[in-house]
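Asks: If you scroll down you'll find the structure; I have some questions about it.
The values are calculated or read from the model by the stated rules, or taken from the named source; none is laboratory data. Remember, it's a predicted structure, so these values are computed and weren't measured experimentally. We place every Cβ from the backbone using ideal geometry, glycine too, and count neighbours over all the protein chains shown.
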Amino acid sequence: MKFLFRLFLGGLLLCAVAGGWAWFRLNQPYRGFGDAVFLDIPIKTRTEEMAAMLAHAGVVEKPWLFTAARVLSPGSVLQAGEYKFDRPSSALQVFAKIARGETFYQVLVVPEGFNMFDIAAQLKPLAIMAPEDFLKAARDPAPIADLDPQAPSLEGYLFPDSYRLDKHSTAATLCRTMTNRFRARWQELGDLPNVHDVVTLASLVEREARLPAERPLIAGVFTNRLRLGMKLGCDPTTVYAALLEHRYRGTIYKSDLESMNPYNTYQNAGLPPGPIANPGLSSLRAAISPAPTNYLYFVAKVDGSGGHTFSDNLSSHLAAASLLRAAGR
């Protein structure tokens with residue numbers, strides 16, 4: 001009887017030692033890789049398969065460690081996706097990371113006033129999708145056709161914001177996410193008619209205004225010129241026309257001002273065929289409610305503040321423009 005009791009105690013001690021050793025191993029940080037490891041775990045991957053993948057990549061030392069972590073958390077749901085491992089982690093930490101779904105992603109930041117060409121350039125260093133693929137998707141107005149049947153592309157509806165992208169992100173899904181973000185913000189503005197003209201005007205305001213307080217005033221100037229049938233003479237439309245024709249050289253040349261491209265508002269009266277950039281809420285609000293004003297002209301101030309000198313007659317405008325040229329701006 002004493003022998004059996006001693007045997008029982010010995011078994012308990014052995015189990016305690018084994019359990020302590022296993023617990024130590026589960027909590028022991030491990031790194032069996034050099035550079036950061038990116039591991040893409042497909043949907044419906046079994047725990048055993050996941051454990052083998054992690055061990056093969058050097059993320060956990062042995063497959064059984066990850067499997068043991070699963071035994072300790074039977075109710076956890078391991079989530080598919082791409083994961084980045086760049087530091088020593090224990091099997092329990094690795095398990096918890098995948099259970100929380102802390103997948104690897106990069107952030108695309110789209111400032112207000114960016115056009116689709118700016119966004120494409122912003123995507124290039126992220127190396128998630130080819131800029132050309134994004135531009136191809138952005139030229140297809142289908143995702144916004146119900147809201148703006150006149151839209152020649154998605155320009156104006158790729159709402160400025162921050163977007164999370166992973167290796168599975170595509171140009172089509174990104175464009176749809178961005179246009180859905182626009183829809184949500186547009187609804188905040190109320191039930192408004194003629195979204196096409198509002199967004200197009202807002203895009204001009206966004207590209208011209210440097211100071212937030214001037215947005216309604218600039219919208220007022222454009223509205224006055226449209227009412228009188230005057231050409232808008234908006235420099236950013238000339239730039240956009242050149243971008244569309246792959247001839248923009250970083251500055252505006254005489255040939256750009258003389259271009260008969262429909263987007264060039266120096267040669268064509270009225271609004272351009274569509275937006276020239278993606279406006280934020282402030283510019284959309286300015287286009288919806290332009291400031292009541294008699295101004296018909298504006299030109300940048302010589303002080304470099306980003307503000308503009310506004311005029312209600314051509315002679316005053318030409319005088320302000322002359323001062324700007326004299327200052328070499």
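Asks: Restricting to the stretch 106-121, give me the number of residues that are surrounded by 17 or more Cβ atoms within 10 Å (Cβ to Cβ), in contact with a Ser or Thr (Cβ under 8 Å, 6 or more places away or on another chain) and either in a helix (DSSP H, G or I) or aliphatic (A, V, I, L, M) (or both).
Replies: The total comes to 3.
Asks: Considering only residues of the stretch 165-176 that are at pLDDT 95 or above and surrounded by fewer than 18 Cβ atoms within 10 Å (Cβ to Cβ), which is nearest to Ser283 (Cα to Cα)?
Replies: Among residues in the stretch 165-176 that are at pLDDT 95 or above and surrounded by fewer than 18 Cβ atoms within 10 Å (Cβ to Cβ), the one nearest to Ser283 (Cα to Cα) is Arg176.
Asks: Would you confirm whether any residue within the stretch 197-206 is at pLDDT below 95 and either more than 30 Å from Gln106 (Cβ to Cβ) or not in a helix (DSSP H, G or I) (or both)?
Replies: no
Asks: So, one more: Looking at (1) outside any loop (DSSP other than H, G, I, E, B); (2) surrounded by fewer than 15 Cβ atoms within 10 Å (Cβ to Cβ), can you tell me which one Trp186 breaks?
Replies: (2)
Condition check ((1) among the acidic types (Asp, Glu); (2) over 20 Å from Tyr163 (Cα atoms); (3) outside the structural domain of Thr45 (by TED's automatic domain parsing)) across all residues:
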site	(1), (2), (3)
Arg70	no, yes, no
Tyr83	no, no, no
Phe95	no, yes, no
Val110	no, no, yes
Phe117	no, no, yes
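Asks: Here's a follow-up. How do the helices (runs of 4 or more DSSP H) wholly within the stretch 1-89 filter down when requiring 2 or more residues that are at pLDDT 90 or above, of a type in the set (Asp, Glu) and more than 17 Å from Thr103 (Cβ to Cβ): which remain?
Replies: 47-56
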